[in-house]
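*Asks:* Supplied in structure tokens, the structure appears directly below.
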Amino acid sequence: MKLIRTILLVLGVSLLAACSLRPPAPALQGYLLQAARPAAPASTGEALGIRAAAAVQPFGERQLVYRESGQRFVQDFYHVYLSPPAENVSTQARHWLSLAGFAAPADPGASNLLELRIDALYIDVRQPKSPAAVIDMNARLLGPEGDSGRKLLQQWQLGSRQPLASSDADSGMQGLDQALADTLQQLEAALAKQPAN
């Protein structure tokens, strides 16, 4: 009986020791998308309302997304956005366009309205030796409110693909920041070509 207790005690201690040897889970790393507009004169002085952006799933989730093949997208649960990407892109777009001279409207119904939708936001690792950061956005410019609602004035499909030094999350976020800045530059140029109200 004493032998059985000793064996059970040794097994129990061994089991507890084995469980405690597991490495701790990696800590979460948090990121924000940031786009810095180059110092340049304002494009316009026109008022423009901007709706909160939307995102196609899974690109609206807080986890970074990696594209591993034509059909396989993987979420990274240890590298996350600190705020949902659509919210972050909305903030960046508003700031960028205000620096470009597009003012927030005094009367939102009387000015044009911009709608943004994120169609892609990922780190492309399909070719491991040449990873890239990818953003695709749909932008719709709606006219002022009228009796029959807002009329679609223009629609653009914008995007950018930026090469990365490596496929790690830090490099990927730097590339996504560059891709967002490039995409917002495209948006600013497209809006500047629109006739004023």
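*Asks:* Looking at (1) assigned to a loop (DSSP other than H, G, I, E, B); (2) crowded, with 17+ Cβ neighbours inside 10 Å, find the lone condition where SER166 falls short.
*Replies:* Tallying (1) assigned to a loop (DSSP other than H, G, I, E, B); (2) crowded, with 17+ Cβ neighbours inside 10 Å, SER166 fails exactly one: (2).
*Asks:* So, one more: Please identify the pairs in which a residue from segment 117-138 that is closer than 17 Å to TYR31 by Cα has its Cβ atom under 6 Å from the Cβ atom of a residue that is small (Gly, Ala, Ser) and surrounded by 19 or more Cβ atoms within 10 Å (Cβ to Cβ), counting only partners at least 6 apart or on another chain.
*Replies:* From segment 117-138, the pairs are ILE123/ALA133; ILE123/GLY172; ALA133/GLY172; ALA133/GLY175; ALA133/ALA179; ILE135/SER160; ILE135/ALA179.
*Asks:* Any residue in segment 88-109 that's at negative phi: show its pairings with residues that are in a helix (DSSP H, G or I) and among the acidic types (Asp, Glu) at Cβ separation under 6 Å, as long as the two are six or more apart or on different chains.
*Replies:* ALA100/GLU188
*Asks:* Only one of SER43, SER69 is crowded, with 16+ Cβ neighbours inside 10 Å, assigned to a loop (DSSP other than H, G, I, E, B) and over 14 Å from the mean Cα position of the chain (by Cα). Can you tell me which?
*Replies:* SER43
*Asks:* Which ones in segment 35-68 are of a type in the set (Gly, Ala, Ser) and either touching a Gly at 6+ places or on another chain (Cβ under 7 Å) or under 26 Å from PRO108 (Cβ atoms) (or both)?
*Replies:* Across segment 35-68, the qualifying residues are ALA35, ALA42, SER43, GLY45, ALA47, GLY49, ALA52, ALA53, ALA54, ALA55, GLY60.
*Asks:* Sticking with this one: Only one of LEU21, LEU15, LEU48, LEU33 is over 30 Å from GLN185 (Cα atoms) and either surrounded by fewer than 10 Cβ atoms within 10 Å (Cβ to Cβ) or at pLDDT 75 or above (or both); which?
*Replies:* LEU21
*Asks:* Take segment 46-60 and flag every residue that is under 16 Å from the mean Cα position of the chain (by Cα) and either in a strand (DSSP E or B) or of a type in the set (A, V, I, L, M) (or both).
*Replies:* ALA52, ALA53, ALA54, ALA55, VAL56
*Asks:* Limited to segment 115-140, what total is found for residues that are closer than 16 Å to GLU188 by Cβ and surrounded by 20 or more Cβ atoms within 10 Å (Cβ to Cβ)?
*Replies:* Here the count works out to 4.
*Asks:* Being closer than 29 Å to TYR31 by Cα, of a type in the set (A, V, I, L, M, F, W, C) and in a strand (DSSP E or B): is that true of LEU158 here? Step through it out loud before you land on a result.
*Replies:* Values: closer than 29 Å to TYR31 by Cα: yes; of a type in the set (A, V, I, L, M, F, W, C): yes; in a strand (DSSP E or B): yes.
When the stated conditions are applied, LEU158 passes them.
*Asks:* Oh, and also: Restricting the search to segment 55-92, which residues are among the polar types (S, T, N, Q) and touching a Leu at 6+ places or on another chain (Cβ under 8 Å)?
*Replies:* Matches in segment 55-92: GLN75, SER83, ASN88, SER90, GLN92.
The values are calculated or read from the model by the stated rules, or taken from the named source; none is laboratory data. Bear in mind that the values here come from a model prediction, so they are computed numbers and not experimental data. As a convention, Cβ positions derive from the backbone with ideal geometry for all residues, glycine included, and neighbour counts pool all protein chains shown.
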